[in-house]
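Data block below; observations after.
The values are calculated or read from the model by the stated rules, or taken from the named source; none is laboratory data. Being a predicted model, the structure only gives us computed values, none of them experimental. Methodologically, a virtual Cβ is constructed for each residue, glycine included, from the backbone with ideal geometry; neighbour enumeration extends over all protein chains shown.
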Amino acid sequence: MKPPARCILQLLGPRVSYRRSRATVATASRSEPPNVAPDPTMYQNLLHSASRAGFALEAWAILDDMLLIGLQPTTRPFYQLLWALRHKHSTYAWKVGQKMDQLRIPPDTTIFSLSIHRFIRDRNLEMALRHLYIARSRDILPTTTVVCAMTQLAAELGFPRLAVDLAISYGIQTTGLRNRLVWANCLRSSADHFYAEGVLTCWDVMKESHLDLDLDEGLCSLLLDFAARTGLPNFADEVLQRMREMGYNVQEH
């Protein structure tokens, strides 16, 4: 049960310490309401402190108190509310979206990215995809970091076709360690599940960017096994050639 919102919080604006978030929120919850009119900045500071401390219950109470005194929140308080809920189950992110819909506050890229990231952390691919679909229907694109994480999750859970489609649809580049790992995992997942189109697509992308010269021997062995089982001798020759260029011993293969 939420603490009574109006009795929890009134003014602590000047006393908010970003370095002492837990103490700030605890002090606010024990304070008697003074005869000072609260303002958006004070609530913003309290939400910041609650979110940093991971106080989900108190963050909801702060938002409720804002609404009770007639302050209309923007999207920013919901950024902090989502961050305060980071230790809760990802279904709480859905409740934040419902609250925004109730208040007729349209979510933006940051809201969708934070929400999707929560579902990815819980390895809830279905809900992450649902939010991605909703975002696209509103012409909102989540951040590249979130798209990469979702692609990684799809590959890890054994959905190579989905992973490759996400990587291509959202134009994941081949620069940077994170992006290289995404393409390598898409390649590995495709080979694991004998998804030939995915293997060849990922291989072409990586070869064009010379990422095929940075493959570990285990992945190369997996690709050779895939080529043998799917009857792709030319592809096997390419993999062997890359292994020679990387200095691997190809005699046993």
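Can you report the number of residues in the range 119-158 which are charged (D, E, K, R), in contact (Cβ under 8 Å) with a residue 24 or more places away in the chain and under 23 Å from residue 189 (Cα atoms)?
4
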Inset, instruction - Look at residue 78 and say whether it is within 27 Å of residue 126 (Cβ to Cβ), crowded, with 16+ Cβ neighbours inside 10 Å, modelled with pLDDT of 85 or more and of a type outside the set (A, V, I, L, M). - result: yes
Inset, instruction - Specify the residue that is nearest to residue 163 (Cα to Cα); the eligible residues are those in the range 84-143 that are of a type in the set (Lys, Arg) and assigned to a loop (DSSP other than H, G, I, E, B). - result: 123
Inset, instruction - Could you please give the count of residues in the range 202-220 that are surrounded by fewer than 23 Cβ atoms within 10 Å (Cβ to Cβ) and either modelled with pLDDT of 95 or more or among the hydrophobic types (A, V, I, L, M, F, W, C) (or both)? - result: 8
Legend entry - Odd one out for residue 76, checked against (1) basic (Lys, Arg); (2) over 30 Å from residue 42 (Cβ atoms); (3) assigned by TED's automatic domain parsing to the domain that holds residue 46: (2)
Legend entry - Residue that is modelled with the lowest pLDDT [pool: residues in the range 109-160 that are surrounded by fewer than 16 Cβ atoms within 10 Å (Cβ to Cβ) and aliphatic (A, V, I, L, M)]: 141
